[in-house]
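Before any comments, here is the structure.
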Amino acid sequence: MRLTTKITIGIILSILVISLAFIIAFSFSDRKNYTVSPLNYENVEITVSEYSHLETGSYKVVVLDKYQVDPNVHHYWFTDECTLSFNPVSTENERDKLAIPVDLAGFITMNTLNDTLTIKVKLDELGQKYEKADKDNVAISGMNLKLHTSTVNVINKLNGVVTEIRNIETDEIKVNAESHVHIHGCDANTLTILKAGLINIENSKFKKLSFDNLQSWKIENCRIYHISDE
């Protein structure tokens, strides 16, 4: 047998041995940090038939985030049925209030500092309520949060929670979101999108649209005078 043939056979055998060792090691690992299979999760479905209203105080910027002691222990994720929505103030009773599903009462914290309202979802406590605290992967649906305001400057850090902005008339709308953004019936001098997943703009009017780091977008029945991608 030639030397080159022996070397080739040796390389092939080495690759087979390494591959087999990897498969065996993978089969005995707990795999908690690997991608979640759509069929391997527990669901938390929040009922949205009734809302509770929390006083927010005045604010100019809204930050939506989560609170979790150790994100590596349990993986919580949000479906597209979860929303953070902004709507105009129709009555004074709606001003400076956050509307949340009654089932979320006690699982939302708010703090206002330097005109910034920070809203956090307490995921560990929410999992305990629905008896999912011992599950590795938990999907949350039906978490719909509503704000009535005349200004929109939002930082949505929760991937999977859709940012909805409807019928707002203001000087500037500013969005920085980890997930999709839906804008409908708005009128502003400037729309600034710093980050978003899919952005859908309908029946709106803007003098200037400025965007950066967008994955995809859809614009229908809109009047936009200037578009900047700076």
Restricting the stretch 169-212 to residues that are among the polar types (S, T, N, Q) and over 23 Å from K66 (Cα atoms), the residue that is surrounded by the fewest Cβ atoms within 10 Å (Cβ to Cβ): N189
Scope the stretch 90-109; condition exposed (fewer than 15 other Cβ atoms within 10 Å of the Cβ) and closer than 29 Å to G185 by Cα; matching residues: S90, T91, E92, N93, R95, V102
Single unsatisfied condition, G160 versus (1) open to solvent by less than 10 Å² (accessible area, probe 1.4 Å); (2) on the phi > 0 side of the Ramachandran plot; (3) at pLDDT 95 or above: (3)
Among (1) modelled with pLDDT under 90; (2) out of contact with any Cys (no Cβ under 8 Å at 6 or more places or on another chain) - the single one G142 does not satisfy: (2)
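The values are calculated or read from the model by the stated rules, or taken from the named source; none is laboratory data. This one's a predicted model, so the numbers in the text were calculated from it and none came from an experiment. For neighbour counting, all protein chains shown are included, and Cβ atoms are generated from backbone atoms with ideal geometry for every residue, glycine included. These area figures cover heavy atoms from the full protein model, side chains too; ligands, DNA and RNA do not enter into them. Shrake-Rupley method; radii C 1.70, N 1.55, O 1.52, S 1.80 Å.
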